2 protein chains.
Amino acid sequence: MNIGFASKKSGLPSKTIRYYEDIDLIKPARAANGYRNYSEQDIHSLTFLHRARDLGFSVEECRLLLSLYNDKNRSSSEVKSLALNKVATIEKKIIELTSMKEMLTRLATDCHGDNRPDCPILDEIAGEVLVS
Amino acid sequence: MNIGFASKKSGLPSKTIRYYEDIDLIKPARAANGYRNYSEQDIHSLTFLHRARDLGFSVEECRLLLSLYNDKNRSSSEVKSLALNKVATIEKKIIELTSMKEMLTRLATDCHGDNRPDCPILDEIAGEVLVS
DNA sequence: TTAATCCTTCCAGTTACTGGAAGGTCAAGG
DNA sequence: CCTTGACCTTCCAGTAACTGGAAGGATTAA
């Protein structure tokens, strides 16, 4: 099947699918006219990639996951440790975003938000008084 | 003062300070030898930028915040709405990350993580069974 | 004088796509 | 048979916000 259909099946934009080929993630066959021709297995891989990306894995991590998926001698511990590392990274990011959010919320609460120029938000960004 | 000192004062790497000049955020004076020469006011702006970036504002938003900071006719409501929009964006991101984290945690819990190849994580990424 | 540590500019690379141009192919309708 | 529209192809450039490194000039201390 050609790229438009592969896109619909996998949920990835055609542009992204071509990009994945560019970086050697999936190489489809070619039809006589030069069009890409995706097998069921290819679609499977594309869907796998789509889901792994949605779970927060980088493209390089997805490459590894895909190779592990196709490696019948893999150790599940390798996959698990990838997943747990990702969880840790995500947790760190959540903590960081939460603290940013709390700070901004406090600043916004302090600001009356009308047409006058005095603004605690700017004052605090400018001043020494930022407390997280 | 030259860029190394400005870097120490503002907490921004010299590279970043030069980059901010490149994109017209802050233009310091130049000494006779061609070195950048930062005034106290420049340092103030750099510190402002550093903090606003840390709060999650994009560089373009920082440009706007800096211009508002220097605009004595500003309305505080404009600043407040920037802050509240940012809070909303951050909240969305946190929700997204939290759902990724929960999913990965569940997958990792289901995986025994030893030297055998069978792995529920890969199975679920590959299969139709992803439930968020 | 020389070595270390600044500073300068400029070019390239990062991540993961996305947009767009220029042009080939295919299926359907008139 | 021709045209039109929707596909497909490749290639080039741009995004965000830096970061690294090369090549070379300036300053300072020993």
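Only a single item in (1) open to solvent by 20 Å² or more (accessible area, probe 1.4 Å); (2) within 25 Å of B:Asp54 (Cα to Cα); (3) not acidic (Asp, Glu) is not met by A:Leu97, and it is number (1). The set of residues from the stretch B:39-82 being under 18 Å from B:Gly4 (Cα atoms), of a type in the set (Asp, Glu) and open to solvent by 70 Å² or more (accessible area, probe 1.4 Å) comprises just one member, B:Glu40.
The residues of the stretch A:6-17 that are near DNA strand D (Cβ under 10 Å from one of its atoms) and surrounded by 12 or more Cβ atoms within 10 Å (Cβ to Cβ), listed by number, are A:Ala6, A:Ser7, A:Lys8, A:Ser14, A:Ile17.
The criterion of being open to solvent by 70 Å² or more (accessible area, probe 1.4 Å), within 29 Å of B:Ile125 (Cβ to Cβ), among the acidic types (Asp, Glu) and facing chain B (nearest Cβ under 9 Å) holds for A:Glu91. The residues of the stretch A:1-38 that are more than 12 Å from DNA strand C (Cβ to nearest atom), aliphatic (A, V, I, L, M) and part of a helix (DSSP H, G or I) amount to a single one, A:Ala6.
The values are calculated or read from the model by the stated rules, or taken from the named source; none is laboratory data. As the structure is a computational prediction, the values presented were derived from the model and not from experiment. Because the Cβ atoms are built from the backbone with ideal geometry, glycine has one as well, and the counts that use them run over all protein chains shown. Calculation scope for accessible area: heavy atoms of the full protein, side chains included, ligands and nucleic acids excluded. Shrake-Rupley method; radii C 1.70, N 1.55, O 1.52, S 1.80 Å.
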